[in-house]
Amino acid sequence: MSDQPTTETKGRLAGKVAIITGAASGFGEGMARRFAKEGAKVVVADLNLEGAEKVASEIGGLAVGVDVTKSADVDKMVEGALSLGGLDILINNAGFTHRNQPMLEVDEDTFDRIFAVNVKAIFLAARRVVPFMEEQGGGVIINTASTAGLRPRPGLVWYNSSKGAAISMTKSMAVELAPKQIRVNALCPVAGPTGMLHLFMGEDTPQKRAQFESSIPIGRLSSPQDMANAALYLASDEANFITGVALEVDGGRCI
């Protein structure tokens, strides 16, 4: 069954064009499906082109194979958005991490990849997207950060640090771009059932999940729907006075 909005239901993002990176699965897929239901035309950008094509075919979007750490690929996804009629929303959602382990056991290549995907990608996308949004009179950028950037714990030192950088970038961008009517916010989810969950926990077992869930006051992991709902609000006109926020989508984890 298609997730495309009907003509009768225009939705809160009707007429908007959105790029969502890492949208072939997990949080990004949840956002892509929700945004399409709310009337947006969605560029489903992901390193996994086959997965992106599957999601795009089901929501009426456009799939683009993208390595967010490469300028040429970022250009390609922006061109895809423009082919749909413009670019109103950019969600830098693609992420990478290392396994939960002592900080000195993480190798240099893994460290470089973490900062390339989680930090450099925001820089590359901004260079391409901000001039277009400025020319059209505004836009929305949302960066997927993490509770790890707000309440860092041992075992994920370099991942925590990259997400702390993403939060600082979000706030800095928000201040600089506000006069251009470009809003920039971050989402800070607690861990959820994505492809990286087993790395965050060291291993994905019922016992580990129960232990992790017990540290979240609401008592469960985050879900793609939780992230999609939060992203929808920040992307919508309802949040037109909200910028520079690192929104905790965490069931109380950061308290």
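Within the range 206-220, does at least one residue satisfy the condition of being under 16 Å from the mean Cα position of the chain (by Cα) and either among the acidic types (Asp, Glu) or crowded, with 16+ Cβ neighbours inside 10 Å (or both)?
Checking the range 206-220: not a single residue is under 16 Å from the mean Cα position of the chain (by Cα) and either among the acidic types (Asp, Glu) or crowded, with 16+ Cβ neighbours inside 10 Å (or both).
Ile218 fails exactly one of the following numbered conditions: (1) farther than 27 Å from Ala165 by Cβ; (2) touching a Lys or Arg at 6+ places or on another chain (Cβ under 8 Å). What is the number of that condition?
(2)
Restricting the search to the range 132-157, which residues are farther than 12 Å from Leu177 by Cβ and of a type in the set (A, V, I, L, M, F, W, C)?
Matches in the range 132-157: Phe132, Ile142, Ala145, Ala148, Leu150, Leu156, Val157.
Of the residues that sit in the range 79-98 and are touching a strand residue (DSSP E or B) at 6+ places or on another chain (Cβ under 7 Å) and β-branched (Val, Ile, Thr), which one is nearest to Asp46 (Cα to Cα)?
Looking at residues that are touching a strand residue (DSSP E or B) at 6+ places or on another chain (Cβ under 7 Å) and β-branched (Val, Ile, Thr), I get Ile91.
Restricting to the range 231-255, name every residue that is in contact with a helix residue (DSSP H, G or I) (Cβ under 7 Å, 6 or more places away or on another chain), over 18 Å from Ser214 (Cβ atoms) and part of a loop (DSSP other than H, G, I, E, B).
Across the range 231-255, the qualifying residues are Ile242, Thr243, Gly244.
If I filter the range 119-150 down to residues being part of a loop (DSSP other than H, G, I, E, B) and under 19 Å from the mean Cα position of the chain (by Cα), which single residue comes out as farthest from Leu199 (Cα to Cα)?
That would be Leu150.
Restricting the search to the range 151-198, which residues are of a type in the set (Lys, Arg), in a helix (DSSP H, G or I) and buried (at least 21 other Cβ atoms within 10 Å of the Cβ)?
Lys163
Could you please let me know if Ala148 is over 21 Å from Ser236 (Cβ atoms), buried (at least 18 other Cβ atoms within 10 Å of the Cβ) and either among the acidic types (Asp, Glu) or in contact with a Lys or Arg (Cβ under 7 Å, 6 or more places away or on another chain) (or both)?
In short, yes.
Would it be correct to say that Ser223 is in contact with a Gly (Cβ under 8 Å, 6 or more places away or on another chain) and surrounded by fewer than 19 Cβ atoms within 10 Å (Cβ to Cβ)?
So Ser223 passes the test.
Return the total of residues in the range 90-109 being surrounded by fewer than 17 Cβ atoms within 10 Å (Cβ to Cβ) and under 20 Å from the mean Cα position of the chain (by Cα).
Qualifying residue count for the region: 0.
Is at least one residue of the range 117-131 surrounded by 17 or more Cβ atoms within 10 Å (Cβ to Cβ), among the small types (Gly, Ala, Ser), in contact with a helix residue (DSSP H, G or I) (Cβ under 7 Å, 6 or more places away or on another chain) and farther than 18 Å from Leu177 by Cβ?
No, every residue in the range 117-131 fails to be surrounded by 17 or more Cβ atoms within 10 Å (Cβ to Cβ), among the small types (Gly, Ala, Ser), in contact with a helix residue (DSSP H, G or I) (Cβ under 7 Å, 6 or more places away or on another chain) and farther than 18 Å from Leu177 by Cβ.
Test Asp73 against the stated conditions and say whether it is in contact (Cβ under 8 Å) with a residue 40 or more places away in the chain and among the charged types (D, E, K, R).
Considered against the rule, which asks whether it is in contact (Cβ under 8 Å) with a residue 40 or more places away in the chain and among the charged types (D, E, K, R), Asp73 comes out as no.
Computed from the coordinates by the stated procedures, all read-outs in this text should not be read as laboratory data. This is a predicted model, so every value here is computed, not measured. Neighbour counts run over all protein chains shown; Cβ positions are idealised from the backbone, glycine included.
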